[in-house]
Amino acid sequence: MNAIATIAKNELAVQATDSFGLKYLTLDLPEGWDTLKNLTNKVLKYNGQTYTYRSWNSDRNEAFFYLDNNVVTVSPRSH
């Protein structure tokens, strides 16, 4: 029996943390800044909530995205 796995497009593995009322996601960055530079201006959706980039630890190659309720969705204007 063969099992098939596919690569999930536009999905990232994260570690979710809720500590002292702060919710944030941690991403492992095996390539360091080369991986992160394309994510710093992105919004991550996790369990229906939005997270934005805050910082990274270059020693451990981890990025941190914090829960951010100041994000809006822009829809194309209809004519």
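The values are calculated or read from the model by the stated rules, or taken from the named source; none is laboratory data. Here the structure is a predicted model, which means the values were calculated and not measured. Methodologically, a virtual Cβ is constructed for each residue, glycine included, from the backbone with ideal geometry; neighbour enumeration extends over all protein chains shown.
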Practice problem: Quickly run through segment 1-21 and pick out the residues that are surrounded by 10 or more Cβ atoms within 10 Å (Cβ to Cβ) and modelled with pLDDT of 90 or more. | Solution: Val14, Gln15, Ala16, Thr17
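Conditions (1) surrounded by 15 or more Cβ atoms within 10 Å (Cβ to Cβ); (2) more than 12 Å from the chain's Cα centre (by Cα); (3) modelled with pLDDT of 90 or more, marked per residue:
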| residue | (1), (2), (3) |
| --- | --- |
| Pro30 | no, yes, no |
| Asn38 | no, no, no |
| Gly48 | no, yes, no |
| Tyr51 | yes, no, yes |
| Phe64 | yes, no, yes |
Quiz prompt | Single residue of segment 66-79 satisfying the filter (over 12 Å from the mean Cα position of the chain (by Cα) and among the hydrophobic types (A, V, I, L, M, F, W, C)) that is surrounded by the fewest Cβ atoms within 10 Å (Cβ to Cβ) | solution = Val74
Self-check item: strands (runs of 3 or more DSSP E) lying entirely in segment 1-52 (those with 2 or more residues that are touching a residue at least 40 places away in the same chain (Cβ under 8 Å))
Solution: 22-28
